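As structure tokens, the structure follows; a few thoughts come after it.
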Amino acid sequence: MKTAILLTAASVLFVSSALAQSPAATNAPPPPGIHDPGVKSVEPAVRTSSGQPVSASAPTGDGKHMTLPDVSVHEQGDNQVQEYRRSGMLYMIVVTPKHGIPQTYMVDPQGRLLDEHGKKPVGTVMYKVLEWGKSKPASEESTAPSSDDGGH
């Protein structure tokens, strides 16, 4: 008897949840046809923070004009190098290796490369930790204690 009551309650809950679902939206457009070419993609417009489209020279909020950078891209070995210039002055270089993470370098007015944080890039630091196959220097051999202790 308990089993019949549980089955009836479960079926009522299942049917009520199925009936509670709303029908499909009627304001949706019909699906496209098989040979429909679809929508052509366009380049997204670059916009300022206020939502205005940016032209080659657009006014900013403080009344000054903002110019878009000139970007030149070239290959250097296996690396792709992007050079960003504004008013003819180089201000940023992005080096993208073939297999690796892009590295961004800012260029100061004197032409020196700086990393993203305004510091000069650090070269590889190499220390000689251990060297094999060489004898000790002469200074160490003369100061080393001898093994002749007079027979002790």
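PRO37 - would you say it is assigned to a loop (DSSP other than H, G, I, E, B), surrounded by 10 or more Cβ atoms within 10 Å (Cβ to Cβ) and modelled with pLDDT of 80 or more? No, not satisfied.
As a summary of the residue check, HIS99 satisfies the conditions (1) at pLDDT below 85; (2) exposed (fewer than 10 other Cβ atoms within 10 Å of the Cβ) except for the one numbered (1). Before we move on, is GLN110 polar (S, T, N, Q) and at pLDDT 85 or above? Taking the combined requirement at face value, the residue does not satisfy it.
The values are calculated or read from the model by the stated rules, or taken from the named source; none is laboratory data. Every value quoted in this text rests on a predicted model; they were computed, and no experiment measured them. All Cβ positions, glycine included, derive from the backbone under ideal geometry; neighbour counts span all protein chains shown.
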